[in-house]
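The values are calculated or read from the model by the stated rules, or taken from the named source; none is laboratory data. Not measured: the values here are computed from a predicted model. Neighbour counts are summed over all protein chains in view; Cβ atoms, including those assigned to glycine, are modelled from backbone coordinates with ideal geometry.
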Amino acid sequence: MEEICRVCNTKSGAFTNIFNDRPTLETCIADMIEQCTGYEVRPGDLLPENICPACLEDAVSAFNLKSTCEQSHKLQFQAMGVRTVKYNLTDKDWSGSRSDKSNNMETDAECSQDTGAKTNYIERPYKCFHCSQSFQHKSHLSEHIRTHTGELPYRCSYCSKSFTIKSKLERHTRTHTGERPYQCSHCAKAFSHDGTLRIHIRTHTGERPYLCPHCPMSFTQNSELKVHIRTHTGERPYNCSQCSMSYKQLAHLQIHTRSHTGERPYQCSHCSKAFKQNIELKVHIRTHTGERPYTCTHCSKSFAHNVSLKRHIRAHTQKNC
């Protein structure tokens with residue numbers, strides 16, 4: 001399947017995955033895009049996970065410009081006798097940036113002279129002598145310098161990967177151990193990332209913060225809203241490279257592509273059958289387990305397939321008529 005740049009939709013080139021750690025960059029590419037554009041960027045959001053060389057260069061330049069402006073702003077305030085640079089933190093700032101959370105930044109609340117409202121301040125006195133970035137803590141600067149020196153002191157004990165900081169190693173290790181330290185307080189589910197837990201909690205609270213500008217629909221995730229908006233705009237950005245079909249979601253294109261390649265990645269553990277989609281495998285497994293999750297509300301019968309239940313319910317409806 002053709003790779004697509006998430007930023008410009010280019011369909012060819014030497015792509016880079018935006019979620020993979022790069023030794024030469026202190027900040028994840030996904031975080032750069034998110035911080036510079038304000039768009040939520042999450043693994044598994046069904047959007048392309050690659051970026052082309054030109055857009056990567058633009059993203060790094062934009063992020064460096066943002067960092068330089070923040071540093072200059074700080075120096076200008078210091079020149080006027082203000083101790084720190086004002087940096088207003090919103091809920092989105094905390095929830096949207098993985099790098100901020102990994103740095104465990106602390107803030108000092110001080111009162112604004114104009115409004116009397118509390119404002120957060122961040123001082124970044126530790127400056128990198130390789131580039132323009134600066135940090136609140138000396139330990140964070142030490143971690144950042146490793147991106148210039150190439151030092152990767154934190155090695156995974158399960159595979160050959162190494163990392164610049166311990167928190168990245170811990171996050172990676174969960175892909176091997178299956179550890180899920182983020183426990184939902186409403187149910188028994190647990191997650192490997194805190195961001196995934198926050199999204200899950202909305203299924204309990206009913207919070208749907210992402211509103212469609214075209215209709216009354218709202219969603220728990222920004223990625224769901226983006227896909228929904230395409231039902232209004234008609235946009236189908238995912239084009240099959242082997243035929244004229246196009247799709248609103250990358251996952252749908254991936255499923256379609258298997259009709260060309262014949263790939264059947266979902267293998268039954270009870271027999272030799274394999275399937276193109278995970279849902280097909282789940283339905284098939286019920287022929288082995290005898291599970292019948294679809295129960296009729298009119299009688300005690302249950303069914304392995306939803307379509308079988310619907311057909312059965314129509315029989316009740318016709319009798320009542």
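Apart from one condition, His260 fits all of (1) modelled with pLDDT under 90; (2) in contact with a Cys (Cβ under 9 Å, 6 or more places away or on another chain); the exception is (1).
Looking only at region 227-254, residues that are closer than 24 Å to Lys276 by Cα, of a type outside the set (Gly, Ala, Ser) and surrounded by fewer than 17 Cβ atoms within 10 Å (Cβ to Cβ) come to 8 in all. Of everything in region 277-296 that's outside any helix (DSSP H, G or I) and either polar (S, T, N, Q) or touching a strand residue (DSSP E or B) at 6+ places or on another chain (Cβ under 6 Å) (or both), which residue is surrounded by the most Cβ atoms within 10 Å (Cβ to Cβ)? Applying the filter and picking the extreme gives Tyr294. Which pairs turn up if I take residues in region 172-190 that are over 27 Å from Thr205 (Cβ atoms) and acidic (Asp, Glu) and look for partners that are part of a loop (DSSP other than H, G, I, E, B) and modelled with pLDDT of 90 or more with beta carbon separation below 8 Å, at least 6 apart in sequence or on another chain? Once the first residue is over 27 Å from Thr205 (Cβ atoms) and acidic (Asp, Glu) and sits in region 172-190, no partner that is part of a loop (DSSP other than H, G, I, E, B) and modelled with pLDDT of 90 or more comes close enough. Among the residues of region 2-54, the ones that are modelled with pLDDT of 80 or more, touching a Phe, Trp or Tyr at 6+ places or on another chain (Cβ under 7 Å) and not hydrophobic (A, V, I, L, M, F, W, C) come to 2 in all. Considering each residue of region 191-199 in turn, none proves to be farther than 23 Å from Thr220 by Cβ and polar (S, T, N, Q). When Arg202, Arg198 are screened for being in contact (Cβ under 8 Å) with a residue 60 or more places away in the chain, touching a Ser or Thr at 6+ places or on another chain (Cβ under 8 Å) and farther than 30 Å from Gly150 by Cα, only Arg198 passes. Among the residues making up region 249-276, those that are of a type in the set (Gly, Ala, Ser) and part of a helix (DSSP H, G or I) are Ala251, Ser259.
Here is a yes/no grid of residues against (1) of a type outside the set (Ser, Thr, Tyr); (2) at pLDDT 90 or above; (3) touching a His at 6+ places or on another chain (Cβ under 6 Å):
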| site | (1), (2), (3) |
| --- | --- |
| Lys276 | yes, no, no |
| His288 | yes, yes, yes |
| His298 | yes, no, yes |
| Thr317 | no, no, no |
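Against the numbered list (1) at pLDDT 90 or above; (2) not in a loop (DSSP other than H, G, I, E, B), Leu309 comes up short only at (1).
Does Cys299 satisfy the condition of being exposed (fewer than 13 other Cβ atoms within 10 Å of the Cβ), without any contact (Cβ under 8 Å) to a residue 40 or more places away in the chain and under 23 Å from His316 (Cα atoms)? Criteria met by Cys299.
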